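Every number here is computed from the coordinates shown, using simple stated rules; none is lab data. For clarity, every value in this text was computed on a predicted model and none was experimentally measured. Cβ atoms come from the backbone with ideal geometry, glycine included; neighbour counts cover every protein chain shown.
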Amino acid sequence: MIDPLFEPITINRLEVRNRIFMPAMHMNMAVNYAVSDRLVDFYAERARGGAGMITVGYATVDELSGNPGNIGAHKDSYIPGLTRLATAIRDNGARSSVQLNHAGRYNHSMLTGGKQPVAPSAIASRLTRETPRELEIPEIEEIIDSFAQAARRVKESGFDAVEILSGTGYLISQFLSPLTNKRTDRYGGDFNNRIRFGLEVIAAVRSAVGEEFPLLVRMNGNEFMKGGSSRAELQDYALRLAAAGVNALCINVGWHEAQVPQIVTEVPRGVFGYLARSIKRLVAIPVIASHRINDPDLAREMIADGYCDMVAVGRALIADPYFPEKARSRHEADIVHCVACGQGCFDNLFKMKAVECLCNPRAGYERIRKITRSDTPLNVAVIGGGAAGMSAAISAAERGHRVTLHESGNHLGGQLLLAGAPPGREEFMELAADLERQLQLSGATVVLNSTVDDQFFQTSHPDAIILAAGGLPITPPIPGADLPHVVQAWDVLTKSVTTGKHVVVIGGGAVGIETALLLAEKGTLSGDALKFLLVHGAESVEALYELAIHGSTEVTVIEMLGELGKNFGKSTRWGMMQDVERYGVKTRATAKVIEIMPDCVRIECDGTREDIPADSVVLAVGTRSNNSLREIVETSGIPFRIVGDAVQPAMVFDAIHQGFTAGREIC
């Protein structure tokens, strides 16, 4: 039986070896628009991993369309670098394309040398907080030609195809949407005028590259913008694009400023496939579904069920570049799944850094973090089976060392299991299982329920030690913190304790917010229950919505600082704080807990004291390093490294990367 995921497909006249399409993602790895060695190495590895087609970019069409971290396609001088990138992808087995785009009002003057961004109309961007300058018609015509000339450069560079980005809130979709297009000339007003710019870009590009060169468009299936283009208009636009000679459509969702989460952990896998299906039913060209497709079985199902012809697997290929080959060879259990945390990819972009990956410390460092076998294999003891310890053991074993990981408990995973406990965060549980599988493949030995003490070092005699004992929850010096109804957030997340109807969570960091949301969802309708009641018309849509967000527990979060969820990554925090409001979690910032009493928590805020009713109190005030073994390790005389929370409490990203580095650097 033919695997639908690995059946070849033809786009225009280009045959692609499988249905796995790596979409363009801004990597911020270009150097002043020029293709870098880092970028070449990154994409060459994904081609070796078995992707059918890889799209790089987006690439610029003029100097106002992007920033120097983007790949440049707006000058002939960038062709040699583009050629090197196309060659690296082709020589490693994949087809290649370049996505061309103009950011319009989404660009920022600080990235363009102080030049004001341009747009169809002078409407401020909620993303950049800047107001763009309205384009004159001669400028519009110049941009259209710039797209065509950039496409010519893409073809001359040896790429197999070109893609135009016509969504996500960038310039073409700004013309398309009535929200951002208030023009009264031939590029504004009714639908036919608003789509004119996009269709003229397509016509110009087609003229520049010829009829046989594959031309793709990435477009929104839904903008998720109130007052923007409707789904019906976008479907009509898809038909117009197909009629204009576009050879394939990649369907994405939302603008960057949309309030519907699109890529974070809480977004169910493949949930937006319905948008691709609605367009596939209308057009006769290949349609590519995208967003949160990180598992081969899901990808196969979407293709087999007629949702799409190909699947866009983006960040899942950052996490594991060999995702396609593992799926093809039926080693799917060996895949390291993207957890959609955003910590290394999107959050890095906000910091003006190149993309990295929580799950894959090699991503973006394919050359400099390559692991070579040691000439002198050592006996390495890794103490702790959390994220840092597992990562350290895997990389040390890959170096050829004889590794034994010792975990004091009866299972691996550590705080990954806590991170995966709240609703919508289950991917972290998957990551714990993936790391455990990588441990098995590495050949490292795992010893559970292991006691590490003085005698251990006297009998085992390791040549090197990696101490990854993790952290422990802090109990603050608050009067009443030892009362029986006071519990740690870790115990709530692991379901080791039960809580009452009125719960106060002390601590408004990431763990406190996640715990509060877990408690607030108690008693709400499950997804299956909601579908059953909706399909059978048991309740009104409004009533079902209320039942889905109002549970049986009243939760209040108290935070001493002025900002809640401060240690979430930027791409995650806004959605989590939306959920806090949506599920009715009460919050009290800049409030100090004075005392915990049997029936309430006394706080002080702005000099005023208040008692908040509570039959359960949850402590989520932070983590302290577990240093109980440090003195023993130091006195052993054995070379050692400390990683993860055992050094300093931080994020999962830091734990995995520190562990990887420690294991890799053992000589």
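Relative contact order (percent) for segment 310-435, with alpha-carbon contacts under 8 angstrom and 6 or more residues of separation?
21
Which whole-Hz couplings ³J(HN,Hα) result when phi for each residue of segment 624-637 is put into the Karplus expression 6.51 cos²θ - 1.76 cosθ + 1.60, θ = phi - 60°, listed in order with x for Gly and Pro?
Whole-Hz 3J(HN,Hα) from phi for segment 624-637: 10, 5, 8, 9, 4, 9, 4, 4, 5, 5, 4, 6, 6, x.
Once both labels are modelled 7 Å past Cα along the beta-carbon direction, what's the residue 329-residue 7 spacing in nm?
Label at residue 329, label at residue 7, 2.5 nm between them.
Does the chain classify as rounded, prolate or oblate by the C-alpha gyration tensor (a ≥ b ≥ c root eigenvalues; a/c under 1.5 gives rounded; else a/b over b/c gives prolate, otherwise oblate)?
Oblate.
What aspartates and glutamates sit close enough to residue 115 to cross-link, taking a C-alpha to C-alpha distance under 18 Å and skipping anything fewer than 8 places away on the same chain?
62, 63, 130, 134, 136, 139, 142
Using Cβ counts within 10 Å as a stand-in for footprinting exposure, how do 3, 76, 654 rank, fewest first?
The fewest-first ordering by Cβ neighbours comes to 76, 3, 654.
Calculate the FRET efficiency for residue 184 and residue 578 from the Cβ-Cβ distance with a Förster distance of 35 Å, rounded to the nearest 0.05.
Efficiency, rounded to the nearest 0.05: 0.45.
Label-point separation (nm) for residue 236 and residue 207, each offset 7 Å from Cα along Cα-to-Cβ?
It works out to 2.6 nm between the two label points.
Rounded to the nearest 5, what is the percent of antiparallel bridges among the DSSP beta bridges in the chain?
20
Please give the calculated 222 nm ellipticity per residue for the chain, where each DSSP H segment of at least 4 residues contributes -39500 (n - 2.57) and the sum is spread over every residue; nearest 500 deg cm²/dmol?
Theoretical 222 nm ellipticity from helices: -9500 deg cm²/dmol.
Counting only DSSP beta bridges with both residues in segment 475-621, what percent are antiparallel, rounded to the nearest 5?
Restricted to segment 475-621, the bridges split so that about 40 percent are antiparallel.
Would you mind checking which residues have amide H under 5 Å from residue 218's amide H? H placed 1.01 Å from N; only 5 or more apart, or other chain.
Result for residue 218 returns 164, 165, 166, 250.
Near residue 570, which lysines are there with a Cα under 24 Å away, not counting those fewer than 8 places off in the same chain?
Leaving aside lysines fewer than 8 places away in the same chain, those within reach of residue 570 are 226, 351, 353, 586.
Relative contact order of the chain, please, whole-number percent, based on alpha carbon pairs below 8 angstrom and at least 6 residues apart.
Relative contact order comes out at 11 percent.
Within segment 551-610, report the trypsin sites (Lys or Arg not before Pro) that DSSP leaves as loop and that have at most 15 other Cβ atoms within 10 Å.
Here the trypsin sites (Lys or Arg not before Pro) that fit, given the DSSP loop and packing criteria, are 566.
How about segment 167-238: which trypsin sites (Lys or Arg not before Pro) there are in a DSSP loop, with at most 11 other Cβ atoms within 10 Å of their Cβ?
Passing both the DSSP loop test and the Cβ count: 226.
Compute the separation of the alpha-carbon centres of segment 513-575 and segment 71-137 and state it in Å as a whole number.
That distance is 38 Å.
Please turn the phi angles of segment 105-118 into ³J(HN,Hα) values with the Karplus equation 6.51 cos²θ - 1.76 cosθ + 1.60 (θ = phi - 60°), one per residue in order, whole Hz, x for glycine and proline.
Values per residue, Gly and Pro as x: 5, 7, 7, 10, 4, 5, 9, 10, x, x, 6, 6, x, 10 Hz.
Given a Förster distance of 25 angstrom, what is the FRET efficiency for residue 615 paired with residue 126, based on the Cβ-Cβ distance and rounded to 0.05?
The computed FRET efficiency comes out at 0.05.
If I model a spin label at residue 156 and residue 87 as a point 7 Å from the Cα along the Cα→Cβ vector, what separation in nanometres do I get?
Between residue 156 and residue 87, the label points sit 1.7 nm apart.
Which whole-Hz couplings ³J(HN,Hα) result when phi for each residue of segment 286-300 is put into the Karplus expression 6.51 cos²θ - 1.76 cosθ + 1.60, θ = phi - 60°, listed in order with x for Gly and Pro?
x, 10, 10, 8, 8, 5, 6, 10, 10, 9, x, 4, 4, 4, 4
Working from Cα positions, state the angle (0 to 90°, nearest 10) between the long axis of helix 137-156 and the longest principal axis of the chain.
Roughly 80 degrees between the two axes.
Calculated FRET efficiency, residue 628 and residue 597, Cβ-Cβ r, R0 35 Å, to nearest 0.05?
0.60
By DSSP, what percent of the beta bridges with both residues in segment 4-338 are antiparallel, rounded to the nearest 5?
10
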